[in-house]
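Everything on this sheet refers to the single structure shown next.
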Amino acid sequence: MNWYDLSDNSSNYKRGAVALGLIVVLFLLVNRPATPTISAWRGETTNVAGLSGAAIQVGQGDTLVAPPNISSDQPWGNPVAGNRVVMTQGYGVGSHAPAEVWGAIDLAVDGDGDGAADPAGSVGAPVRATMSGYIDVTADSWPAGNHVWVIGNEYKTGYAHLAEFKVKDGDYVERGTIIGTIGSTGSSSGPHLDYQIWHNGVNQNPLNFHPLP
(Lines give C-alpha, C1' and ligand atoms only; values in the text may rest on other atoms or scores of the structure.)
Protein backbone atom coordinates (compact mmCIF):
# COMPACT_ATOMS: atom_id res chain seq x y z
CA MET A 1 0.00 0.00 0.00
CA ASN A 2 1.38 3.41 -0.95
CA TRP A 3 1.57 6.05 1.80
CA TYR A 4 -0.59 8.36 -0.31
CA ASP A 5 -3.44 5.85 -0.57
CA LEU A 6 -6.45 7.81 0.75
CA SER A 7 -8.78 4.85 1.15
CA ASP A 8 -10.44 4.37 4.54
CA ASN A 9 -8.50 1.16 5.19
CA SER A 10 -5.13 2.77 4.66
CA SER A 11 -3.26 2.56 7.97
CA ASN A 12 -0.42 4.63 6.53
CA TYR A 13 -2.85 7.44 5.70
CA LYS A 14 -4.28 7.35 9.20
CA ARG A 15 -0.83 7.52 10.77
CA GLY A 16 0.06 10.39 8.47
CA ALA A 17 -3.08 12.29 9.41
CA VAL A 18 -2.35 11.88 13.11
CA ALA A 19 1.23 13.06 12.62
CA LEU A 20 0.06 16.09 10.66
CA GLY A 21 -2.44 16.94 13.39
CA LEU A 22 0.27 16.78 16.05
CA ILE A 23 2.49 19.07 13.98
CA VAL A 24 -0.34 21.63 13.67
CA VAL A 25 -1.01 21.55 17.43
CA LEU A 26 2.70 21.99 18.19
CA PHE A 27 2.91 24.93 15.78
CA LEU A 28 -0.06 26.66 17.43
CA LEU A 29 1.39 26.18 20.91
CA VAL A 30 4.78 27.57 19.95
CA ASN A 31 3.34 30.56 18.11
CA ARG A 32 0.50 31.52 20.43
CA PRO A 33 0.49 35.18 21.58
CA ALA A 34 2.27 35.90 24.84
CA THR A 35 0.06 36.58 27.83
CA PRO A 36 0.24 40.31 28.66
CA THR A 37 1.83 41.17 31.98
CA ILE A 38 0.43 43.56 34.53
CA SER A 39 3.00 46.27 33.87
CA ALA A 40 4.76 47.35 30.69
CA TRP A 41 7.88 49.46 30.95
CA ARG A 42 7.93 52.56 28.81
CA GLY A 43 10.81 53.85 26.78
CA GLU A 44 10.84 50.94 24.35
CA THR A 45 10.39 51.54 20.64
CA THR A 46 8.14 48.50 20.26
CA ASN A 47 4.51 48.23 21.24
CA VAL A 48 4.12 46.57 24.62
CA ALA A 49 0.80 45.70 26.27
CA GLY A 50 -1.18 48.22 24.29
CA LEU A 51 1.04 51.29 24.65
CA SER A 52 4.24 52.48 23.03
CA GLY A 53 6.56 55.43 23.44
CA ALA A 54 7.77 57.30 26.49
CA ALA A 55 6.18 57.17 29.92
CA ILE A 56 3.59 59.80 30.74
CA GLN A 57 4.35 61.99 33.73
CA VAL A 58 1.35 62.02 36.05
CA GLY A 59 2.74 63.56 39.19
CA GLN A 60 5.34 66.01 40.37
CA GLY A 61 5.46 66.78 44.05
CA ASP A 62 2.39 66.40 46.29
CA THR A 63 -0.87 65.98 44.38
CA LEU A 64 -3.08 64.83 47.25
CA VAL A 65 -4.34 68.31 48.15
CA ALA A 66 -7.94 68.05 46.97
CA PRO A 67 -10.17 70.92 45.77
CA PRO A 68 -12.77 72.16 48.27
CA ASN A 69 -15.59 70.27 46.53
CA ILE A 70 -13.87 66.88 46.98
CA SER A 71 -14.82 65.20 50.26
CA SER A 72 -12.33 63.13 52.23
CA ASP A 73 -14.02 59.85 51.26
CA GLN A 74 -13.69 60.59 47.54
CA PRO A 75 -10.44 59.59 45.79
CA TRP A 76 -8.13 62.34 44.65
CA GLY A 77 -4.53 62.64 43.60
CA ASN A 78 -1.50 60.46 43.04
CA PRO A 79 -1.03 57.56 45.47
CA VAL A 80 2.71 57.33 44.77
CA ALA A 81 4.97 59.67 46.72
CA GLY A 82 7.79 60.86 44.48
CA ASN A 83 9.17 63.89 42.68
CA ARG A 84 8.60 62.34 39.24
CA VAL A 85 5.85 59.74 38.94
CA VAL A 86 5.13 58.16 35.55
CA MET A 87 2.28 56.06 34.20
CA THR A 88 3.67 52.87 32.68
CA GLN A 89 0.36 51.46 31.46
CA GLY A 90 -2.87 53.31 30.83
CA TYR A 91 -6.50 52.71 31.65
CA GLY A 92 -8.33 49.99 29.74
CA VAL A 93 -5.39 48.84 27.60
CA GLY A 94 -3.08 45.84 27.66
CA SER A 95 -3.63 43.80 30.80
CA HIS A 96 -6.09 46.46 31.99
CA ALA A 97 -8.65 45.51 29.34
CA PRO A 98 -11.55 45.29 29.44
CA ALA A 99 -11.73 48.45 31.52
CA GLU A 100 -14.97 47.52 33.26
CA VAL A 101 -13.23 44.49 34.81
CA TRP A 102 -9.48 45.20 34.95
CA GLY A 103 -9.42 48.98 34.53
CA ALA A 104 -6.48 50.54 36.38
CA ILE A 105 -3.35 52.55 35.75
CA ASP A 106 0.20 51.46 36.52
CA LEU A 107 2.41 53.99 38.29
CA ALA A 108 6.16 53.99 38.94
CA VAL A 109 8.92 56.44 39.82
CA ASP A 110 11.27 58.07 37.32
CA GLY A 111 14.19 58.27 39.70
CA ASP A 112 16.85 59.47 37.25
CA GLY A 113 14.73 61.93 35.28
CA ASP A 114 15.06 60.24 31.88
CA GLY A 115 11.30 60.06 31.40
CA ALA A 116 11.01 56.31 31.94
CA ALA A 117 10.15 54.14 34.92
CA ASP A 118 13.15 53.45 37.11
CA PRO A 119 13.03 50.09 38.93
CA ALA A 120 15.60 51.12 41.53
CA GLY A 121 13.77 54.36 42.23
CA SER A 122 10.38 52.65 42.36
CA VAL A 123 11.06 49.82 44.81
CA GLY A 124 10.07 50.86 48.31
CA ALA A 125 8.49 54.18 47.28
CA PRO A 126 5.66 55.05 49.69
CA VAL A 127 2.10 54.38 48.54
CA ARG A 128 -0.55 56.63 50.07
CA ALA A 129 -4.32 56.33 50.39
CA THR A 130 -6.06 58.76 48.05
CA MET A 131 -9.22 58.79 50.18
CA SER A 132 -10.35 58.07 53.70
CA GLY A 133 -11.87 54.70 54.49
CA TYR A 134 -11.45 51.29 56.05
CA ILE A 135 -8.62 48.93 55.11
CA ASP A 136 -9.02 45.48 53.57
CA VAL A 137 -5.66 43.69 53.17
CA THR A 138 -4.93 40.61 51.05
CA ALA A 139 -1.44 39.10 51.03
CA ASP A 140 0.12 37.03 48.23
CA SER A 141 -2.96 37.06 45.98
CA TRP A 142 -2.95 36.36 42.24
CA PRO A 143 -2.50 38.34 40.07
CA ALA A 144 -2.46 41.36 42.41
CA GLY A 145 0.17 40.15 44.89
CA ASN A 146 0.05 42.11 48.14
CA HIS A 147 -3.13 44.18 47.78
CA VAL A 148 -4.97 46.85 49.79
CA TRP A 149 -8.49 48.18 49.41
CA VAL A 150 -9.46 51.50 50.99
CA ILE A 151 -13.25 51.32 51.27
CA GLY A 152 -15.59 54.27 51.79
CA ASN A 153 -19.34 54.76 51.46
CA GLU A 154 -19.53 54.99 47.66
CA TYR A 155 -15.92 54.68 46.53
CA LYS A 156 -13.16 52.16 47.02
CA THR A 157 -9.57 52.35 45.80
CA GLY A 158 -7.25 49.42 45.12
CA TYR A 159 -3.45 49.26 45.42
CA ALA A 160 -1.71 46.15 44.06
CA HIS A 161 1.77 44.55 43.86
CA LEU A 162 2.93 46.12 47.14
CA ALA A 163 6.25 45.10 48.66
CA GLU A 164 4.95 45.50 52.19
CA PHE A 165 1.94 46.70 54.14
CA LYS A 166 1.94 49.67 56.48
CA VAL A 167 -1.66 49.06 57.62
CA LYS A 168 -3.75 46.10 58.74
CA ASP A 169 -7.28 44.86 58.21
CA GLY A 170 -9.93 47.09 59.74
CA ASP A 171 -7.75 50.18 60.15
CA TYR A 172 -9.34 53.53 59.34
CA VAL A 173 -7.09 55.83 57.32
CA GLU A 174 -7.25 59.38 56.03
CA ARG A 175 -6.16 60.60 52.60
CA GLY A 176 -2.37 60.75 52.59
CA THR A 177 -1.81 57.88 55.02
CA ILE A 178 1.04 55.61 53.88
CA ILE A 179 -0.53 52.17 53.39
CA GLY A 180 2.41 50.31 51.82
CA THR A 181 5.38 50.52 49.48
CA ILE A 182 5.84 49.81 45.77
CA GLY A 183 6.92 46.28 44.94
CA SER A 184 6.57 43.62 42.28
CA THR A 185 4.48 40.93 43.97
CA GLY A 186 1.96 38.84 42.07
CA SER A 187 1.93 38.94 38.26
CA SER A 188 4.29 41.82 37.57
CA SER A 189 7.07 42.56 35.10
CA GLY A 190 8.73 45.14 37.35
CA PRO A 191 8.21 47.32 40.42
CA HIS A 192 5.07 49.44 40.06
CA LEU A 193 1.71 50.24 41.62
CA ASP A 194 -1.49 49.03 40.01
CA TYR A 195 -4.10 51.62 41.07
CA GLN A 196 -7.87 51.18 40.73
CA ILE A 197 -10.94 53.27 41.56
CA TRP A 198 -14.49 51.91 41.85
CA HIS A 199 -17.67 53.95 42.39
CA ASN A 200 -20.78 52.05 43.48
CA GLY A 201 -19.40 48.90 41.88
CA VAL A 202 -18.43 50.54 38.57
CA ASN A 203 -14.79 50.78 37.53
CA GLN A 204 -13.53 54.35 37.00
CA ASN A 205 -10.59 55.90 35.17
CA PRO A 206 -8.21 57.10 37.91
CA LEU A 207 -7.02 59.94 35.68
CA ASN A 208 -10.44 61.57 36.15
CA PHE A 209 -9.59 61.88 39.86
CA HIS A 210 -6.11 63.18 39.39
CA PRO A 211 -4.56 66.66 38.98
CA LEU A 212 -2.40 66.15 35.90
CA PRO A 213 0.61 68.48 35.54
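Kindly check whether there is at least one residue in the stretch 100-119 that is more than 27 Å from N83 (Cβ to Cβ) and either more than 16 Å from the chain's Cα centre (by Cα) or of a type in the set (A, V, I, L, M) (or both). Yes: the stretch 100-119 contains one or more residues that are more than 27 Å from N83 (Cβ to Cβ) and either more than 16 Å from the chain's Cα centre (by Cα) or of a type in the set (A, V, I, L, M) (or both). Selection of the stretch 191-213 for residues being under 14 Å from Q89 (Cβ atoms) and buried (at least 20 other Cβ atoms within 10 Å of the Cβ) yields P191, H192, L193, D194, Y195, Q196, P206.
I need the full set of residues from the stretch 159-179 which are small (G, A, S) and either on the phi > 0 side of the Ramachandran plot or surrounded by fewer than 22 Cβ atoms within 10 Å (Cβ to Cβ) (or both), in order please.
To start, the set of residues in the stretch 159-179 that are small (G, A, S) comprises 160, 163, 170, 176.
Hits for the stretch 159-179 are A163, G170, G176.
Among the residues examined, I182 qualifies as crowded, with 24+ Cβ neighbours inside 10 Å, at pLDDT 90 or above and not in a loop (DSSP other than H, G, I, E, B).
Scanning the stretch 142-165 for residues that are in contact (Cβ under 8 Å) with a residue 40 or more places away in the chain and either more than 22 Å from Q204 (Cα to Cα) or not assigned by TED's automatic domain parsing to the domain that holds Q204 (or both) gives a single hit, A163.
The values are calculated or read from the model by the stated rules, or taken from the named source; none is laboratory data. None of the values given here were measured: they were computed from a predicted structure. Positions of Cβ are backbone-derived with ideal geometry, glycine not excepted, and every protein chain shown enters the neighbour counts.
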